[in-house]
1. On a full-extension model of 0.36 nm per residue, what is the gain between Asp56 and Ala100, subtracting their alpha-carbon distance, rounded to one decimal in nm?
2. To the nearest 0.05, what FRET efficiency results for Asp261 and Trp334 with a Förster distance of 45 Å applied to their C-beta separation?
3. Name all residues of segment 242-256 having a backbone nitrogen under 15 Å from the label point set 7 Å from the Cα of Lys462 along its Cα→Cβ direction, giving them as ranges.
4. Starting from the 7 Å offset along Cα-to-Cβ, what nm value, one decimal, do you get for the label separation of Ala434 and Glu108?
5. If I take every Cα pair under 8 Å that is 6 or more residues apart in the chain, average their sequence separation and divide by the length, what percent do I get for the relative contact order?
6. In the chain, what percentage of the DSSP-assigned beta bridges are antiparallel, given to the nearest 5?
7. Could you tell me which of rounded, prolate or oblate describes segment 345-390, using a ≥ b ≥ c as the square roots of the eigenvalues of the alpha-carbon gyration tensor, with rounded for a/c under 1.5 and, failing that, prolate when a/b is larger than b/c and oblate otherwise?
8. Grab the beta carbon distance between Glu370 and His327, set R0 = 35 Å, and tell me the FRET efficiency rounded to 0.05.
Amino acid sequence: MAAIALRGIVKRFGDLVAVDGVDLELEGGLIVGLIGENGAGKSTLANIAFGALAPDEGTVERNGVVGLVHQHFQLVERLSVWENVLLGREPRKGWRLDVAAARARVRELGERYGLHVDPDAIVETLPIGLKQRVELLRELEREPAILLLDEPTAVLAPGEIESFFTTIVTLAKRGVAILVVTHKLAEVIAYTSRVNVMRAGKIVARYVTAQTTTAELARAMVGGEIPPLTQRTVLPRQVLPVVHVQGLQANTESDSIDGVDLVVQAGEILGIAGVEGNGQTALADALAGLVPYEGTIRFRDEDLGPALGPRGRIVRGMQIIPQDRQHEALVLDWTVTENAILGRERNREFRRGPQIDRAAARAFAQTIVERFDVRPPRVDARVRDLSGGNQQKIVVGRVLAGEPTFVLAYQPTRGIDVGAAALVQSRLIEARNAGTAILLISFGLDEIFALADRVVVLYRGKIAGEFGRDAFDRARIGALMAGAS
């Protein structure tokens, strides 16, 4: 008997049919993949399976407790880890909370599943990778028979991904039925038994994983071949330094940098490689003007002091693709149009006297929607109602509009499908070819090798090595990321 069976599921949001007649079964002890383009209906289907959404048509039969690890964390940021994990299920001693027992329970769960995290840490101070652990621990504490994982590794570094799936495989061996919604085809091939492909709300293909390939899955996802990346133009050897960092020191809740020197030139992509937590966030936040720092950041020969915040930097031509689109880049209850001009609403092109020129704003948003294939292609849609990948397209489209002088791109393809990732990567190369200086921070070496002209490796807040494109060496770079001298 299936642990969970979905039959004839239909879900509409206004005129949009997000899920269209889907049948899906999960069996205990198996890991099943669900892949598809952004907006294909995967997250909607997972929420229906969990019970967070009711289908308009069809039935769901569940045989056991269901847990859902959301793509965008459902955590109370100002509470501690133990308070989030046990929220609503806190142990009590009489009428009082038994805090010691709660801490012990979280530690025991961490030991059992290899998901160690300080029970007393405040969630808002944790790096994204640890927040993901908290989200998973909260569901595992309920001992689910069915576990639904929506983009579970989108925010994890490579080493964390391997550890994460070690836990998931262990759960499957204990009889848990597991559905992994993901865009990472290599993970599907490595860890699932079967895989289902969604497109435009329907399951269009089903495979036994051992009998397929990443190339076949990619073609099934997008309905054809993925176009190759834009070709990079050959640049002159002497080009203009746009950002010059000297002796930079900064600290965040998750990491720090100590004495970093960098130059990012016009018309190049400088890739930052490293395991998460080795200074990437401190570097990004210092460049963006979000944290105090020591040292010098020069932008086009102007010294940008720590007192100059993000708006002052944006006005001067710096643009930022942050790592957390929902908390740092978008206002979820605003429309696509309103988010498209976020940060530009004071620009003359979007003003009509004291008012926003809504026609100009809509036209600008429509350009982003078309250039980045945002789905559904409606500039009046609430951003909250779009898939995570389509939200990311809006952020990247807004940043790259208007030929920016400098772009800080932090995990620009996080949580988006292979077709959309190729589109975003091509747009970054086009910006580079047009003369934009780009600092790319990515935890995926494949992405860095595909895009970067130079690579700098960060380890424990310091530069461990630098490589030109003609000297990229995966083994050497990987060793430096791990701390080899």
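1. Extra length available between Asp56 and Ala100 comes to 11.4 nm.
2. On the way: r = 39 Å, r/R0 = 0.87.
It comes to 0.70.
3. Only 247-250, 256 pass the distance filter.
4. Distance between the two pseudo-spin positions: 5.8 nm.
5. Numbers: 1009 pairs, mean separation 79.3, N = 485.
Dividing the mean separation by the residue count of the chain yields 16 percent.
6. Values: 47 of 82 bridges.
Here the antiparallel bridges make up roughly 55 percent for the chain.
7. The shape class here is prolate.
8. On the way: r = 27 Å, r/R0 = 0.77.
Taking R0 as 35 Å, the efficiency between Glu370 and His327 is 0.80.
Since every read-out is calculated from the coordinates, none of them should be taken as a lab result. Quick caveat: nothing in here was measured; it's all calculated off a predicted structure. In this analysis, Cβ positions are derived from the backbone assuming ideal geometry, glycine residues included, and neighbour counts consider all displayed protein chains.
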